[in-house]
Amino acid sequence: MALGLVSVPLALAAQTAAPGAETDWRRANEAVGQLKRGHADVLKWEQANVPPPALQGPVAEGIKLLTVEDVTRQAWRNHPDLARPLARLGTANEARVATGRWTDIDPVLQRKVDDMDEVLHVAVQARKAWLQALAARQSLAHHQAIVLAADSASELGQRMVNVGNWSALQQARVQLVQSSAQMALARAQYAATQAQATLIRTLGLTRNVTNVTLPEALPELPPELVLPDVWRQKAQAVQAQLPEAEGLRNQANFSLALAAYQASHALAKGTRDAQKTQEFISEETVLRYNGMLSSVWDVLDASRNQSQAAIDAIAAQRDFWIAEADLQWVLQGGAPDSFVALGGGGEAATPAAH
């Protein structure tokens with residue numbers, strides 16, 4: 001919806017730019033009635049006539065990494081030394097690891113299969129790099145929508161200054177928002193480039209691949225979390241297979257991993273709810289705008305807020321899946337270097353016990 005909303009002000013600006021014309025928001029509301037389908041269908045008209053930016057941008061056709069399994073198996077290919085432990089795991093257990101169903105694996109295998117820890121380490125590092133790259137690319141369209149809204153506001157504001165309905169101070173404030181949005185987009189584009197480069201390097205594809213095809217969106221959140229007691233039982237089963245010192249470290253890491261898993265899920269659900277609320281606000285703002293009860297600036301603000309809510313929801317969703325990967329790794333006896341920083345860039349923050 002946001003990508004359609006932001007094009008409304010530019011159409012209005014083009015119709016309210018004549019010198020001497022009354023350019024306040026009520027005149028803008030009158031102008032929108034002259035559009036092809038009028039107030040009631042203005043969004044449909046804009047969406048049909050203004051193509052939204054592509055979600056991921058142009059991506060060269062190359063290696064496809066559409067699932068966790070794709071990423072995991074590609075990472076294993078870069079480590080031919082893991083062929084033997086993978087063979088010892090057996091086809092069923094190898095599939096469980098590749099598809100992220102680690103807790104279905106008997107923890108006794110951790111002690112029976114040499115280099116099992118390396119098999120899991122390669123898998124989890126690949127999965128995290130994939131999640132980071134996917135989230136960074138998914139956020140770009142929403143950053144572009146924020147810039148489009150800010151550019152529209154700046155254009156309309158400048159036209160109002162030109163006919164004397166706005167002051168230079170008012171326009172300066174709009175230009176500051178525009179500048180901030182453009183800088184945020186530049187940072188997001190660089191972050192996406194970095195994340196993709198890290199993914200390619202992690203998978204050992206540096207020599208022959210410069211682009212990868214990713215899915216359009218992160219996996220959906222699970223509707224409910226596994227109960228903590230179930231996780232604790234699995235943790236105890238793992239710790240029983242470890243030497244005492246390793247078992248104690250695993251117990252400490254399990255507590256941290258479980259806390260990150262629970263908190264990240266709560267935050268992801270909260271940001272998703274906030275996103276839905278912001279979508280409702282945007283829709284209602286447009287209805288009020290069509291009824292001449294709110295201004296074009298309200299529409300622009302709602303559009304920017306809706307896009308930012310989507311960016312926040314993507315980041316929280318990414319953090320949850322990273323926390324989930326860490327928890328599954330710990331439940332196989334692994335020890336992440338550190339745990340995800342919630343609300344940060346998805347990077348690890350809390351050091352793990354070693």
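Extending each Cα 7 Å along its Cβ direction at residue 230 and residue 163, get the distance between those two points in nm, one decimal.
Going by the 7 Å Cα→Cβ label model, 6.2 nm.
Of all the C-alpha pairs in segment 207-354, what % are more than 22 Å from each other?
Beyond 22 Å sits 54 percent of the P(r) for segment 207-354.
Can you pull the percent of Cα pairs in segment 177-244 with separation above 13 Å?
79
Hull surface divided by four, with the convex hull built on the Cα atoms of segment 133-280: how many nm²?
Here the figure is 14.7 nm², rounded to one decimal.
So how many Å³ per residue does the convex hull of the Cα atoms of segment 82-216 work out to?
On the way: hull volume 18.7 nm³, N = 135.
Value for segment 82-216: 138 Å³ per residue.
Accessible area, 1.4 Å probe, largest first: how do 64, 269 sort?
The ordering from most to least exposed comes out as 64, 269.
Could you report segment 198-354's accessible area per residue, 1.4 Å probe, as an integer in Å²?
About 47 Å² of surface per residue is accessible.
The values are calculated or read from the model by the stated rules, or taken from the named source; none is laboratory data. Just so we're clear, the structure is a prediction, and the values are computed from it rather than from any experiment. All Cβ positions, glycine included, derive from the backbone under ideal geometry; neighbour counts span all protein chains shown. When the accessible area is computed, the model is the full protein with side chains, heavy atoms only, and any ligands, DNA or RNA have been set aside. Shrake-Rupley method; radii C 1.70, N 1.55, O 1.52, S 1.80 Å.
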